[in-house]
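Let me begin by presenting the structure, written as C-alpha cells, before commenting on it.
The values are calculated or read from the model by the stated rules, or taken from the named source; none is laboratory data. Note that the structure is predicted; figures quoted are calculated from it, not measured. All Cβ positions, even for glycine, are placed from backbone atoms using ideal geometry, and neighbour counts span all protein chains on display.
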Amino acid sequence: MRMISPEAVPDTLLRDGLISESVYKRFQRLSENSSEDTLSLLVSSGIIGEEKLYKHMAELAGVPYTDLDPLDLDYQVVTECLPGAYAQAKGIVAFKEDGGRIFLAASTLPTPVQIDDMANMLGKEIVLHLSRPRAIDKVIKQFYGLHSSILAATKELSGDDIVDIGNLERYVDSTADRSIEPTDKPVINAVNHLFQHAFEERASDIHIEPHRENIIVRFRIDGVLHLVYRLPKKLHFAITSRIKMISGLNIAEKRRPQDGRIRTHYDGKPVEIRCSTVPVAFGEKIVLRILDPAILMQELSVLGFDKRDMGVYMDMINSPNGLVLVTGPTGSGKTTTLYSSLITISSEQNNIVTIEDPVEFITDEFNQISVQKAIDLTFITALRHVLRQDPDIIMVGEIRDRETAISAMRSALTGHLVLSTLHTNDTASTMVRLMDMGVEPYLLVSTLRGIVAQRLVRSICPHCREEYTPDETERGLVGIEPGTKLMRGAGCKECRNTGYRGRIAVFEVMPVDESIRQRLARRASLDEIRDAALSGGMITLREAGIRKVLGGITTVSELVRVTAGGL
C-alpha cells in the first residue's frame, strides 16, 4: 500500500488525463477561496465524480476499490467487528469476514501503524479497501443507527426474559423480570430506522419474519427480496407490538391475521404503509407494503402501454357504462393501473366511489370505502348501498366470488362504469374463469367492455446500460436475426450491480367486440376466444414483452421470467 497526500491528487488527475488543464486551473482558483478539504472540493465543485475520484485514489495507493451496497452486507459483520463510535470517527466499516481475515472499507487510508493497531484489536488480518465517503456514511447510518437502538432495547431486558418462540413452541424462564414495551424509546428508534432504511433503498415491501433463533428482515426492491438484517429473537415481541400499535391493530391478538395502515412522511412527501400480520410457526410474521402516491397514481402514458393498446384502453375507461377488468397475479401492478385510470377520468362532474379490502392509499380524489367483514360491510353490501349514492364510476377492489361478480355486472347494467380486478393469467382465461364461477354468458355479453392482463418487468438501469450481441438461444426467444444488438445492464452502484432499476408494466389489452360476444354467448372454448381476440389485433403479453426487449427497455431474461409458459 502506498500512502497518498490528498493535496497531490489534483496533480495526478491532470497527469493521468482525468481532468483537463483548464479544469485543473479552475480548481486551483476555487481552492484559494474555499475552506473545504481538497477531496471534498473536487467532488462538490463538479471537477470529478466521487466514484471516479476514489477509484483513481485506490489505483494510486495500490489497494482494491469497493462500492458498498448496504443490501449486500451482513448486519452482524458490520456491527460486531468495529464499535460504532470508532467506525464513525475513522470513516471505516467492516464489510466482510473470511476466516482469519476481516475486510475493511475506508474513505481515507490509515497508516501502517493504524492498520497494525486494528489487527491487534480485532485479532485478525486486515484486508483494506478504499470506498466513497458517502457509501461509508450510508452504511454507518443505516447499520449502527439501528444497532444502537437494538443494543439499548436488549439492555432493558433483565436476565433471560420470556422467549416467545412462537405459535408451535414456547419456552418460559420464570426468572424473567420484565419485557420491553412497544413504547420504549429504543424500540421506537429501531422501527423508525427500519422504515428509513426501506425508504432509502426504494423498497416496496418489508418482511419481518420470526425464526427459532432470530428475526429475519427482508426488503423487496424492484420485485426481488433481499435479506437485510438478522435481529435478536428476544426483540420480536417489542418490534411487532410497536408496528401493530402504530398500525391501529390489536396488540394482544396473536392468533388471527390482522390488517392495518400507517401514514408517515419521507423526504417531505406522504407515504402510506399497509400492514399485514399472520401467525406462523415461530410468532407473527409482518409484511409492510410501502405505498408511494407518486407510483400509485401516475399518468397512464408512463405505465408501459404501447400506442395501440393505450388508445383501446382509453376507449374502455371512457365508456359511459360497462365492466372493465384488470387481471394478473399479486404484485403485478393492477392497483396502480386502476388508480391511474381513475385519476385520468376523474372530474368535478363524476362521482367516483371505490370499494377496497383494504383501501390501498387514502386520497381526496375519490370516495373510498373499506370492506369490514366484522360488521358485514362486504363488497356486495357496499355495492348495494353505493348504488343509492348516485355514483358515475365504481371501482371494486377485487372480484373473488360469483356473488361479487354478479353484483358488479348488475351495477354496470344500470348505467355505471365499473372497474375491478381478477386473479387470472391472461385476458381470454378471465372470461372462462368468470363462467366457471357461475356467471351466465348473457351477463358477460351485456356488460364486459374489455379486459387487461398485465405483468411487471424490471427496467434496464439507465446508468449502466450497454449494447451486446445475444446468443442463439436469446435470438430464438425474441425472434431476431444473427447480428442484431440488444441492451442490458452491466451492473453499477445505482442498481446494486443487478443491471436493473425500477419496473415497467407489459400489457395484453382485449376489447370485447362483436366477434368475442358471439363466442361468449355460445360458451366458446378458451382457444376460440383467444383466436378471436388475436384476429382483432390483440397483442399478447409475450409479444408486448418482446417489444420491450427490442426497444431496449428490459432484457430477454426478464421476458422469460415474467411470461413463462408462453403467454
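Could you tell me whether the range 495-503 includes any residue that is among the polar types (S, T, N, Q) and surrounded by fewer than 21 Cβ atoms within 10 Å (Cβ to Cβ)? Yes; the residues of the range 495-503 include at least one that is among the polar types (S, T, N, Q) and surrounded by fewer than 21 Cβ atoms within 10 Å (Cβ to Cβ). Residues that are loosely packed, with under 13 Cβ neighbours inside 10 Å and either free of Cβ contacts under 8 Å to residues at least 40 places away in the same chain or under 14 Å from Y86 (Cβ atoms) (or both) within the range 103-124 comprise V113, D116, N120, G123, listed in sequence order.
Per the listing L338, L342, L300, L323, the residue uniquely in the same structural domain as T404 (by TED's automatic domain parsing), hydrophobic (A, V, I, L, M, F, W, C) and in contact with an Asp or Glu (Cβ under 8 Å, 6 or more places away or on another chain) is L342.
Considering the range 41-54, and only residues there that are free of Cβ contacts under 8 Å to residues at least 12 places away in the same chain and surrounded by fewer than 18 Cβ atoms within 10 Å (Cβ to Cβ), the residue that is farthest from F103 (Cα to Cα) turns out to be G46.
Can we say I251 is crowded, with 18+ Cβ neighbours inside 10 Å and either modelled with pLDDT of 90 or more or farther than 19 Å from H197 by Cα (or both)? It is false that I251 is crowded, with 18+ Cβ neighbours inside 10 Å and either modelled with pLDDT of 90 or more or farther than 19 Å from H197 by Cα (or both).
Per the listing D315, D309, the residue uniquely within 16 Å of L541 (Cβ to Cβ), charged (D, E, K, R), assigned to a helix (DSSP H, G or I) and outside the structural domain of E272 (by TED's automatic domain parsing) is D309.
Of everything listed in (1) acidic (D, E); (2) surrounded by fewer than 18 Cβ atoms within 10 Å (Cβ to Cβ); (3) at pLDDT below 85, the single unmet condition for E59 is (3).
One residue alone among G502, G545, G491, G476 is farther than 27 Å from T430 by Cβ and in contact with a strand residue (DSSP E or B) (Cβ under 9 Å, 6 or more places away or on another chain), and that residue is G502.
Scanning the range 1-20 for residues that are in contact with a helix residue (DSSP H, G or I) (Cβ under 7 Å, 6 or more places away or on another chain) and assigned to a helix (DSSP H, G or I) returns P6, E7, V9, P10, T12, L13, L14. Among residues of the range 506-526 being touching an Asp or Glu at 6+ places or on another chain (Cβ under 8 Å) and buried (at least 24 other Cβ atoms within 10 Å of the Cβ), the one that is farthest from T430 (Cα to Cα) is F507.
Count of the range 72-102 residues, restricted to those that are buried (at least 20 other Cβ atoms within 10 Å of the Cβ) and not polar (S, T, N, Q), is 10. Looking across the range 187-226, the residues that are touching a residue at least 24 places away in the same chain (Cβ under 8 Å), of a type in the set (A, V, I, L, M) and over 12 Å from I239 (Cβ atoms) come down to A198, A203, I221, V224.
Listed here are the residues, each with its yes/no results for (1) under 13 Å from L325 (Cβ atoms); (2) out of contact with any Leu (no Cβ under 7 Å at 6 or more places or on another chain); (3) not assigned by TED's automatic domain parsing to the domain that holds D527.
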site	(1), (2), (3)
P391	no, yes, no
E403	no, yes, no
M409	yes, no, no
L413	no, yes, no
V418	yes, no, no
D426	yes, no, no
S429	yes, no, no
V439	yes, yes, no
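Between A412, A428, the distinction of being more than 23 Å from L526 (Cα to Cα) and either at pLDDT 90 or above or in a helix (DSSP H, G or I) (or both) belongs to A412 only.
Those strands (runs of 3 or more DSSP E) of the range 459-567 in which at least 1 residues are among the aliphatic types (A, V, I, L, M) and assigned by TED's automatic domain parsing to the domain that holds N425, considering only elements entirely within it, cover 500-511. Restricting the range 262-284 to residues that are buried (at least 20 other Cβ atoms within 10 Å of the Cβ) and out of contact with any Gly (no Cβ under 7 Å at 6 or more places or on another chain), the residue that is nearest to H197 (Cα to Cα) is I273.
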